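Heads up: the structure comes next, in structure tokens.
The values are calculated or read from the model by the stated rules, or taken from the named source; none is laboratory data. Computed from a prediction, not measured in an experiment: that's the story for all the values here. Every residue, glycine as well, gets a Cβ built from its backbone with ideal geometry; the counts of neighbours run over all protein chains shown.
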Protein chains: 2
Amino acid sequence: MIRLGIVGYGNLGRACERIAASKKDTFELVGIFTRRDPAGMTSPFGTPFYGQDEIEMFAGKIDVLALCTGSANDLTDLGKRCAAKFNTVDSFDTHARMREYVADMQAVTEKSGTLALIGIGWDPGLFSLMRAVFGGVLEDGNTQTFWGKGVSQGHSEAIRKIDGVRRGVQYTIPKEEALAAARAGRGEGLTTRDKHLRECFVVAADGADKAEIERRIVTMPNYFDEYDTVVHFISEEEFERDHTAMPHGGFVLRGGSVSGKGCSLEFALKLESNPDFTASVLMAYAAASARLYAAGRRGALTILDIPAVALTDEDRLDYIAHTL
Amino acid sequence: MIRLGIVGYGNLGRACERIAASKKDTFELVGIFTRRDPAGMTSPFGTPFYGQDEIEMFAGKIDVLALCTGSANDLTDLGKRCAAKFNTVDSFDTHARMREYVADMQAVTEKSGTLALIGIGWDPGLFSLMRAVFGGVLEDGNTQTFWGKGVSQGHSEAIRKIDGVRRGVQYTIPKEEALAAARAGRGEGLTTRDKHLRECFVVAADGADKAEIERRIVTMPNYFDEYDTVVHFISEEEFERDHTAMPHGGFVLRGGSVSGKGCSLEFALKLESNPDFTASVLMAYAAASARLYAAGRRGALTILDIPAVALTDEDRLDYIAHTL
């Protein structure tokens with residue numbers, strides 16, 4: 001049994017709780033740590049809530065903490081604080097700050113003797129593993145990552161801040177012609193904007209100027225101005241019916257050649273719910289963390305440092321016999 | 001520099017030699033060990049040939065031996081013999097005997113203090129890694145492996161043994177409806193024969209009874225009788241032009257759900273040349289073997305035991321920073 005704590009109770013924390021609650025022979029859910037007032041929180045599974053200032057009181061009573069807070073800034077501080085006392089798993093996803101965060105967590109865990117698994121999800125996470133393995137086995141080639149079709153939370157929030165927008169969601173969609181080029185090994189030089197469309201669904205407030213809303217979306221710097229962006233105005237009912245789920249997915253493609261012979265490697269992911277699948281990866285590696293810790297591993301590790309056998313409790317030879 | 005030896009000089013051994021010869025800053029190709037008379041062998045790269053009985057004389061002069069003999073029986077004996085003196089990499093692919101071979105190699109390497117990497121290629125190999133990771137991160141689901149479109153050497157040889165067949169090749173082809181079912185998570189219960197067609201191209205000898213050749217192919221026990229098999233008779237010229245390459249590939253699919261939300265994971269591989277890509281994977285892990293050995297790893301390992309970071313010489317933090 002793995003004594004699990006969950007820090008943060010947004011979409012990801014709730015999804016982790018659902019998985020832990022459904023695997024009572026693997027996880028004992030010790031508690032959820034929240035920045036809100038724990039007295040005001042309720043869980044469908046009756047999990048106890050505690051304040052985030054109470055985490056350290058659980059030292060020795062939790063085997064692994066799943067760090068599920070939303071913002072990257074919160075997460076780096078929380079990660080360093082938690083790793084000083086606990087084993088942790090997180091899905092830190094700010095690629096530009098990954099080196100700094102891994103180095104910081106390495107320094108913390110060296111002092112504390114804990115194990116921190118960093119960037120565990122699907123990107124970073126499974127997509128990182130694919131980029132590493134594809135590049136490793138096919139040296140002469142080009143790797144391209146595509147995201148979607150799926151909801152971008154950041155772009156959706158940017159839309160919702162515009163005057164006159166009642167509800168809004170933005171889907172990132174890979175362009176078919178860019179996918180075809182990447183599959184053929186002609187992906188080099190493609191930028192994120194060459195590879196993706198942005199499609200927005202907006203519920204406008206009564207009497208709002210739709211033409212102005214659309215103009216403000218498609219010209220928004222960094223978010224939309226350099227992309228092909230499509231804006232649809234829909235009714236509240238249609239939004240509620242069709243656009244409240246959080247689908248996502250994407251592709252990692254590598255095209256190249258060995259001794260002049262073409263090779264194409266492709267990983268494709270399609271998810272009805274981004275937070276539920278991310279939580280599934282995080283909980284799989286939370287269990288792996290307990291196995292790795294028991295085997296003596298310490299420090300700050302990423303998915304690139306962890307062999308696949310860490311994902312199972314099965315006897316190694318049995319596992320190899322039916323998996324290899 | 002990795003001092004490399006290649007044992008066996010068929011399609012795979014030749015493909016390994018091409019790669020090693022093209023990476024002179026990574027590999028020093030010490031020699032090729034053959035069961036034929038080495039005096040009668042020539043290489044386009046001028047690599048020296050030796051008899052397989054001379055392998056042991058190179059103890060201490062080779063960092064890793066790539067075992068590239070064709071038959072599974074030869075390979076297990078050769079593997080045990082070579083691992084007693086050398087680090088090895090092989091693409092042993094008899095799934096049914098994998099447990100026994102890994103256990104035997106574990107016993108040999110424990111005595112010799114060497115490192116043996118087993119089942120390194122694409123299936124077993126990359127496909128095994130996908131099956132392990134997909135199953136690990138998505139517990140509630142079903143994994144299906146498809147092969148093709150590609151040449152099956154065993155089935156092609158079976159055709160060529162029929163009287164009146166001058167040349168013959170067999171392509172294994174995934175069935176689209178089975179792929180669709182597996183992608184939707186409805187792959188459970190599909191057998192290899194539900195999932196694949198067998199398409200044969202045959203050059204008949206002058207005056208041969210084509211109807212009888214076709215009957216003997218489609219009714220051949222184990223090889224064809226339980227499959228949907230299509231036979232085409234073609235000219236020598238067409239065969240030479242269109243059917244002398246060795247393309248292959250396939251798919252690993254897992255469909256399932258997390259907390260009731262659907263997920264689909266797919267790995268797809270398309271290869272113009274099966275032996276060249278298999279050699280590329282084998283050479284990448286030959287280099288990994290040298291790194292792992294230098295880091296103190298010993299024993300019999302599979303792709304499931306090896307973290308992705310072993311595939312690079314780059315500084316670990318640099319690699320994580322641009323890959324994760």
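Structure data summary
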{"quantity": "Hey, A:A83 buried (at least 23 other Cβ atoms within 10 Å of the Cβ) and more than 15 Å from A:G8 (Cα to Cα) or not", "calculated": "yes"}
{"quantity": "Tally of residues being of a type in the set (A, V, I, L, M), more than 15 Å from A:F251 (Cβ to Cβ) and in contact (Cβ under 8 Å) with a residue 24 or more places away in the chain across region A:104-136", "calculated": "8"}
{"quantity": "Residue that is modelled with the highest pLDDT [pool: residues in region B:104-124 that are surrounded by fewer than 23 Cβ atoms within 10 Å (Cβ to Cβ) and within 11 Å of chain A (Cβ to nearest Cβ)]", "calculated": "B:Q106"}
{"quantity": "Count - residues of region A:105-136 that are out of contact with any strand residue (DSSP E or B) (no Cβ under 8 Å at 6 or more places or on another chain), part of a helix (DSSP H, G or I) and not hydroxyl-bearing (S, T, Y)", "calculated": "6"}
{"quantity": "Evaluation of B:E100 against (1) of a type outside the set (S, T, Y); (2) surrounded by 20 or more Cβ atoms within 10 Å (Cβ to Cβ); (3) not in a strand (DSSP E or B) (one fails), failing number", "calculated": "(2)"}
{"quantity": "Residue in region B:3-43 that is farthest from the other protein chains (Cβ to nearest Cβ), counting only those that are more than 22 Å from A:S257 (Cβ to Cβ), surrounded by 16 or more Cβ atoms within 10 Å (Cβ to Cβ) and over 16 Å from the mean Cα position of the chain (by Cα)", "calculated": "B:P38"}
{"quantity": "Failed condition for B:E28, given (1) over 16 Å from B:A287 (Cβ atoms); (2) out of contact with any Ser or Thr (no Cβ under 9 Å at 6 or more places or on another chain)", "calculated": "(1)"}
{"quantity": "Close pairs from region B:306-324: first under 15 Å from B:A295 (Cβ atoms), partner outside any helix (DSSP H, G or I) and among the hydrophobic types (A, V, I, L, M, F, W, C), Cβ under 7 Å, at least 6 apart", "calculated": "B:P307/A:I306"}
{"quantity": "Residue check for B:A295: more than 8 Å from chain A (Cβ to nearest Cβ) and free of Cβ contacts under 8 Å to residues at least 24 places away in the same chain", "calculated": "yes"}
{"quantity": "Lone unmet requirement of (1) touching a Lys or Arg at 6+ places or on another chain (Cβ under 8 Å); (2) closer than 23 Å to A:R291 by Cα for A:T143", "calculated": "(2)"}
{"quantity": "Test: residue in region A:249-272 that is surrounded by 22 or more Cβ atoms within 10 Å (Cβ to Cβ) and in a helix (DSSP H, G or I)", "calculated": "no"}
{"quantity": "Residues located in region A:70-96, provided they are part of a loop (DSSP other than H, G, I, E, B) and hydroxyl-bearing (S, T, Y)", "calculated": "A:S71, A:S91, A:T94"}
{"quantity": "Search result, residues across region A:54-84 that are among the acidic types (D, E) and modelled with pLDDT of 95 or more", "calculated": "A:E54, A:E56, A:D63"}
{"quantity": "Subset of region A:137-156 (residues that are more than 15 Å from the chain's Cα centre (by Cα), within 13 Å of chain B (Cβ to nearest Cβ) and assigned to a strand (DSSP E or B))", "calculated": "A:G141, A:T143"}
{"quantity": "Filter result (among the hydroxyl-bearing types (S, T, Y), within 21 Å of B:L129 (Cα to Cα) and more than 10 Å from chain B (Cβ to nearest Cβ)) within region A:234-290", "calculated": "A:S289"}
{"quantity": "Residue within region A:84-97 that is touching a residue at least 12 places away in the same chain (Cβ under 8 Å) and touching a His at 6+ places or on another chain (Cβ under 9 Å) present", "calculated": "yes"}
{"quantity": "Matching residues, region A:164-194, being in a helix (DSSP H, G or I) and either touching a residue at least 60 places away in the same chain (Cβ under 8 Å) or closer than 25 Å to B:E272 by Cβ (or both)", "calculated": "A:E176, A:E177, A:A178, A:L179, A:A180, A:A181, A:A182, A:R183"}
{"quantity": "Complete set of residues in region B:72-99 that are within 14 Å of chain A (Cβ to nearest Cβ) and basic (K, R)", "calculated": "B:R97, B:R99"}
{"quantity": "Every residue from region A:298-324 that is at the interface with chain B (Cβ under 9 Å from one of its Cβ atoms), surrounded by fewer than 21 Cβ atoms within 10 Å (Cβ to Cβ) and more than 24 Å from B:T312 (Cα to Cα)", "calculated": "A:T312, A:R316, A:L317, A:D318, A:Y319, A:A321, A:H322"}
{"quantity": "Residue tally, condition under 24 Å from A:F127 (Cα atoms) and more than 19 Å from the chain's Cα centre (by Cα), over region A:283-297", "calculated": "4"}
